[in-house]
Each structure stands twice: as structure tokens, then as C-alpha cells.
Amino acid sequence: MDHLGNLEPTNICHVMALSYPGRGHINPMMNLCRSLASKRPDILVTFVVTEEWLGLIGSETKPDNIRFGSIPNVLTSERARAGKFPAFFQEVLTKMEAPVERLLGQLKPPVSTIVADTYLMWAFEMANRNNIPVASLWTMSVPVYSVFQHFDLLVQNGHFPIELKERGEELVEYIPGISSTRVVDLPTCVYGHGRDILHRGFEAIASVSKAQFLLFCSVYELESQAIDALKASISLPIYHIGPTIPYFKLEQEEIVTGPGETTNYFRWLDMQPRGSVLYVSQGSTHSAPSAQLDEIAAGLRDSGVRYLWVARAEASLFKEGCGGMGLVVPWCDQLRVLCHPSLGGFWSHCGWGSTSEAAFAGIPLLTFPLYWDQAPNSKVIVDDWKIGWRVKSGLDVDKLIKRDEIAGLVKRFMDSESDEVKEMRRRAREISEICRRAIRKGGSSDTSIDAFIDDILRHHKN
């Protein structure tokens, strides 16, 4: 490796990065790796992906001291795994370990630290077997970690198992560091979607005891009570390094284009009035039922509001019916879109990556959570940060929201003359400034990443 040519191999701290193979996990892991590599030229990162993922992300620009290590395509293809989450998770837990451990034995210089996604439980045993220090990267919010960490309190207080329609409004006020939360705002695996893999959450949290470091993709100032409560109950060193989003790309001149992209949506955004466009994205893995997508499409069109909708597989279906105010694309450079001056709101499924990008960009959200951690993220956005409204308000999480309700809500949400909207946008700008301060030199996240680097280098030299 030319860029490391002046350093003795023994002086290079070689980090192996192991991500869960999903967009919401790979993105934060890559952003952490970029931070490590750009801060220290004596750190070499090998980012391990399947050959399929290498084809998806291998051409992205990155520092010279990050390289990819690939394993064979032992998992179901990204294109075929929608709606098969439990089976795919089982593949990740049973089929990745052997090829990754083979690669670990081949890498030169020898790997001195592993950073693994918390949900790759086998990675911690592998690291321990090979006497390599390992860090656990939790890519969801800290309150979600806390729910799994203190799940016994839900059982003791009679909130698990629970019937949502009867008791979903009851308050959970006993989890350390977490503000008062309705049962319906807990991770969906507590009461509904994802219940079949709830045990995987417990196993993931239990695996953290085998790690030497714990990394949170969070901004300390936005989740300080939850982080402090966990620091008091966990003996591992904890680092808060968020937002783990690609903000470094905003400094690059070139705009990233996606697969098969033909529309210059930025040209369209440039022509729209300031704060007038609603960005709509339901995430990359879990999608709303087609009947609901039809209602969303009709509601957006009937609202009269300008909108940019990323609808991956469905893009061609919705293009015809979007009227003159909307633009539908199969992919976009999301963070750059959210930071565009024409943006005024974000209709989101509330994955932690999208939530973090909206917070950084200072954009209010219409929350439409579907699965797992998205429900508690919606609660944080609406109740704690006060930068959003819920699309669904009742306890029937599967209820079809009709087009007229959507049209009215979108119209009110994007009304820049409304005092309520003005206050929400002001608050979103405050949250944005907190995020940006955290990553500046000397900010809470910048300092925490430096501390993590110091600790892994100390382990390496010992």
C-alpha cells in the first residue's frame, strides 16, 4: 500500500470493519471508518463486504488507507431479500463467519482491532478466539439499546407480553435514562412486527459483554440522559460518535449519481422556492403495503405541495400520477437533498440513518415508522426533539391512512406561514447546530472518536 510505504508494518494499526449487510448498517460503519482513516494515516482499515456489496459501494471515493476485503456471495441477494428479514438475518448469523475468519487469517499486516456491528454476534467470539480487541458498533439510537438492556423491567412491570390495542397508551417510565414513553412507541418487536426475531435483540446486547469497546452512532447532547445511564451500568468504555452520516461528501463538488439515474433532480430542486419541497422516502428495506403507497401517492398529488419522492421499485408506477408538482426518482443523494435550500420537510420511515441526516440538515419530519427501531425514533423526533408530526396517531399500527387525511396533513405541515410550522423549523435548525458542533474540532463526537483512536492504538502498541 503506497500511502503506508513510509511506515513499518508493525506501526500500522490494522482495523477490520465488519458491518451487517444492509444500507442502514453499512453507511454508519463506512462513516466511522472514514473518520478513523482521515484522522490517522497510520490506521489501515479493511472494510469487509460480500462481492455483491463490493459492486454496490466499491467505486465510491474514499481515503487511500481504506481498502475493501470481499467474501463470496454467501447471502441472498439484496434484490431478492425484501420481506424475508428473519430468514436473511439467520443467513447472516450462520453463513458469514467462516469466510470472514478465512479472510482474517490472510490479511497483511495482521489485524490489530475489529469493529463489528452489534448484530453480528459471531464476530465477537471470533475476535476473542483470535485474541484481537473488538469494538461493538450499535447503529440504532441509544434508547433502543436501553430497551433491550433493561428488557427485564418491561416484564416485571407487566408490559411484556402485551396486547397493543388494549394497553398501547400506557406509559413506560422506569427505563433508566429514557423519557416517559407509550408502549406503542417502543420497538415494534415488543408488541408486533419483528416479534419473531425479538430474541436476536437480546442475543446482540448480550454479545457486547465480549467486546472491549462500545460505539454509539449518536450525538451526546441529543441523547445525554440515555448515554449517561448506560455508562453507569456498563463497565465497557462507551464512545458517542454521531451523527455517522456522510457529511464529508457535502464538501465534494461532484454529486453522486445512483444506479440507472437519468433525472437531474438537483436542477429541479434549484427551481423550487426556498423551504417549499417535501422529500419523501420510505427507506431501503421495509416498505409500506402497496395499498398504502397508492394512498400516499394520491395524497401527495392532492395536497398541492411540491415533493421529491424516492420510490425505488415503484418509481415508474408513481411517475404518471404525480401531477405537475412532484418528481419521482428511483434513487437520490439523500443528505445532499436534505441540505438543499428548497427543502422544507421529510416524510420518513424514521430509520436511524435518515433520522440523523434530517437532524443534521435541520429538516422537520412527518414520521411514518414501520418496523423495529423506527417507532421509538419517531417518538424522539416528535416528543423529545419536537421537530416532527406523526402521520399515524392511533394504536392500530396497520391501519390504512387515506389520501384525504394525507393531503390535509401534508398541506398543514408544509405551510411556512403557520406559527406551529415556523416554531418546528426553528427548533430543527437548533438541532442541526447541535449536530454540527459535535463533529467540529473539539466537539463531543470529534473528541470521542479521538478517545477511541487513542484506546485502540494503546491496545495495538501493547
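Numbers for the structure displayed
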item: Karplus 3J(HN,Hα) series, Hz, for region 64-80 with 6.51 cos²θ - 1.76 cosθ + 1.60 (x for Gly, Pro); result: 4, 8, 10, 10, 9, x, 10, 10, x, 6, 8, 10, 4, 4, 3, 5, 10
item: Charge sum, other residues only, whose C-beta stays under 13 Å from Cys217's C-beta, Lys/Arg counted +1 and Asp/Glu -1; result: -4
item: Amide N of region 21-41 lying under 16 Å from the label point, which is placed 7 angstrom from the Cα of Glu52 along Cα→Cβ; result: 21-26
item: Amide H contacts under 5 Å for Tyr279, placed H, 5+ residues apart; result: Leu308, Gly344, Gly345, Phe346, Trp347
item: Euclidean distance of C-alpha centroids, region 138-175 and region 325-387, integer Å; result: 24 Å
item: 1.4 Å probe accessible area per residue over the chain, in Å²; result: 41 Å²
item: Computed FRET value (nearest 0.05) for Arg67 with Leu250, which takes r as the C-beta separation and R₀ as 25 Å; result: 0.55
item: Three-way shape label, region 91-218, alpha-carbon gyration tensor, a/c 1.5; result: prolate
item: Estimated dipole of the chain in Debye, rounded to 20 [Cβ of Lys and Arg +1, of Asp and Glu -1, Cα centre]; result: 420 debye
item: Positive dipole terminus of region 166-307, leading residue within Ser218, Leu269, Gly192 (C-beta point charges); result: Ser218
item: Surface share of carbon and sulfur [accessible, 1.4 angstrom probe, percent] for region 155-305; result: 50 percent
item: q = 0.10, 0.21, 0.22, 0.24 Å⁻¹, region 362-462: log10 I(q)/I(0) [Debye, one scatterer per Cα]; result: -0.44, -1.09, -1.14, -1.23
item: Positive-end extreme of charge dipole, the chain - chosen from Ile178, Cys332, Phe452 (charges on Cβ); result: Cys332
item: 10 Å Cβ shell holding at most 11 others, DSSP loop, trypsin sites (Lys or Arg not before Pro): longest site-free stretch of the chain; result: 1-273
item: Solvent-accessible area, 1.4 Å probe, carbon plus sulfur percent, for region 335-375; result: 57 percent
item: DSSP-loop GluC sites (Glu not before Pro) across region 159-196, with at most 16 other Cβ within 10 angstrom; result: Glu163, Glu169, Glu170, Glu173
item: Cβ-placed point charges (K, R +1; D, E -1), dipole of region 185-229 about Cα centre in debye, nearest 20; result: 260 debye
item: Within the accessible area of region 33-90 (1.4 Å probe), percent carbon and sulfur; result: 52 percent
item: Test item: Cα-centred dipole of region 298-449, Lys/Arg +1 and Asp/Glu -1 on Cβ, debye; result: 320 debye
item: Distance (nanometres) between label positions extended 7 Å along Cα→Cβ at Arg274 and His459; result: 4.8 nm
item: Neighbourhood net charge (11 Å Cβ-Cβ; Lys/Arg +1, Asp/Glu -1) for Ala37; result: +3
item: Dipole axis of the chain (+1 Lys, Arg; -1 Asp, Glu on Cβ), positive-most option in Ser287, Trp138, Phe346; result: Phe346
item: Cα→Cβ-extended label distance, 7 Å offset, between Glu60 and Gln90, nm; result: 3.0 nm
item: Pair Glu166, Leu293: separation of 7 Å Cα→Cβ label points (nm); result: 3.6 nm
item: Nearest-0.05 FRET efficiency for Lys441 and Asp383, computed from C-beta distance (R0 41 Å); result: 0.80
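The values are calculated or read from the model by the stated rules, or taken from the named source; none is laboratory data. Just so it is clear, the model here is predicted, and its values are computed rather than measured. Ideal geometry is used to build each Cβ from the backbone, glycine not excepted, and the neighbour counts take in all protein chains shown. Accessible surface is based on the protein model in full, side chains and every heavy atom, while ligands, DNA and RNA are left aside. Shrake-Rupley method; radii C 1.70, N 1.55, O 1.52, S 1.80 Å.
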